[in-house]
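Worksheet for the structure shown next.
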Amino acid sequence: MRNIRGGEIAMIFQDPMKSLNPVYTVGFQIAENLKYHTRLASRAIRELTIEMLGKMGIPLPEKRVDQYPHEFSGGMRQRAMIAMAMACNPRLLIADEPTTALDVTIQAQIFETMLKLKAEHGTAIMLITHDMGVVAELADEVAVMYMGKIVEGGTVEEVLRTPRHPYTKALLASIPVLGRGRNQQIEPIRGSTPDPYDRPVGCQFAPRCDYAGEKCAVMPDEEYVSFTHRVRCWKHQEVAPDE
């Protein structure tokens, strides 16, 4: 597993300040990944570490490589995390809310960097996020999860334009639309997420669902409504938007 973690699979964590070790320099932590997953000499590892920081858009990487995480801004720490994750050109990059608490300018720069690295190295990116705008902009395929289960999946176009699960539809209805002004009606999802230790019987979303019925006491199997669009809901035909 140690050969796979960091080598073939890498991860960008949600909070880089808590994920980076405060007692080691940023350069040391990036180099450690290269040390265990490559056969490069120490000098080559340091040169590649500086090069990766430069690719991430961090100014003066020759100086920053010897600085500690607290000397980096939030955006720079996140870039350092991406540099660490991408140093060994992994086949899969898992990004868990990689731009949380960052301003929109830094967000755009980080996503641009990730897409560039994806194009250059053919890396698959699994993005975990609640930001539908980011999903629409970056993703090819989407899986909507509720209480740890995938309730709907498909292409971005299918899931965002023709949602078939009540949870997906409710999520989209709760998001303000740019340009409609402050008078637009935003509908929050009623109720609250159930206790994971005291889950509802059958469909987990049923207590909050406007379409719930007797059948919902049993969790439905996954059903394909098109070649790529799949859903787990007894009432998905009723949920489907009018053509």
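The values are calculated or read from the model by the stated rules, or taken from the named source; none is laboratory data. Predicted model, so just to flag it, every value in this text is computed and none were measured. Neighbour counts run over all protein chains shown; Cβ positions are idealised from the backbone, glycine included. To get the accessible areas, we keep the full protein, side chains included, count just its heavy atoms, and leave off ligands, DNA and RNA. Shrake-Rupley method; radii C 1.70, N 1.55, O 1.52, S 1.80 Å.
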Which order, highest average first, do 32-39, 150-157 follow once you tally other Cβ atoms within 10 Å for each residue and take the mean per peptide? 150-157, 32-39
Whole-Hz Karplus ³J(HN,Hα) for region 138-151, in order, using 6.51 cos²θ - 1.76 cosθ + 1.60 and θ = phi - 60°, x for Gly and Pro? 10, 7, 9, 10, 10, 10, 8, 10, 9, 6, x, 10, 6, 9
Straight-line reach from residue 63: which lysines fall under 16 Å, measuring Cα to Cα and dropping same-chain residues less than 8 apart? 55
Give a residue-ordered list of calculated ³J(HN,Hα) values for region 43-56 (Karplus: 6.51 cos²θ - 1.76 cosθ + 1.60, θ = phi - 60°; whole Hz; x for Gly, Pro). 5, 5, 5, 5, 5, 5, 4, 5, 5, 5, 5, x, 5, 7
Step through the table entries 118/235; 18/149; 169/215, compare each Cα-Cα distance with 30 Å, and write down the pairs that go over it. 118/235
In deg cm²/dmol and to the nearest 500, what is the mean residue ellipticity at 222 nm of the chain if only DSSP H runs of at least 4 residues count, each as -39500 (n - 2.57), divided by the residue total? -10500 deg cm²/dmol
Taking the solvent-accessible surface of protein heavy atoms with a 1.4 Å probe, what is the per residue accessible area of the chain in Å²? 61 Å²
What percentage of the solvent-accessible surface of the chain, computed with a 1.4 Å probe over protein heavy atoms, is contributed by carbon and sulfur atoms? 52 percent
Report the dimensions of region 75-152 along its three principal axes from the alpha-carbon atoms, largest first, rounded to Å. 34, 28, 20
Once you have a ≥ b ≥ c as the square roots of the Cα gyration tensor eigenvalues for region 127-170, tell me rounded if a/c is under 1.5, and otherwise prolate or oblate according to whether a/b is larger than b/c. oblate
Histogram of C-alpha separations across region 127-237, 5 Å bin width, %: 2, 11, 21, 23, 20, 14, 7, 2, 0
Can you give the Rg/Rh ratio of the chain, where Rg is from the C-alpha atoms and Rh is the Kirkwood radius? 1.05
Which cross-chain or sequence-distant (5 or more) residues have an amide H under 5 Å from the amide H of residue 94, H modelled 1.01 Å from N in plane? 10, 11, 12, 126
Per residue and in Å³, how big is the convex hull formed by the alpha-carbon atoms of region 10-140? 98 Å³
Output needed for region 151-200: three equivalent-ellipsoid semi-axes, defined as square roots of 5 times the C-alpha gyration tensor eigenvalues, in descending order, whole Å. 24, 18, 7
Would you kindly derive the ³J(HN,Hα) couplings of region 57-66 from the backbone phi angles with the Karplus curve 6.51 cos²θ - 1.76 cosθ + 1.60 (θ = phi - 60°), listing them in order in whole Hz, with x for Gly and Pro? x, 7, x, 6, x, 5, 8, 5, 4, 9
How long is the gain from residue 199 to residue 124 if the chain were fully straight, where each residue apart is worth 0.36 nm and the alpha carbon distance is subtracted? 23.7 nm
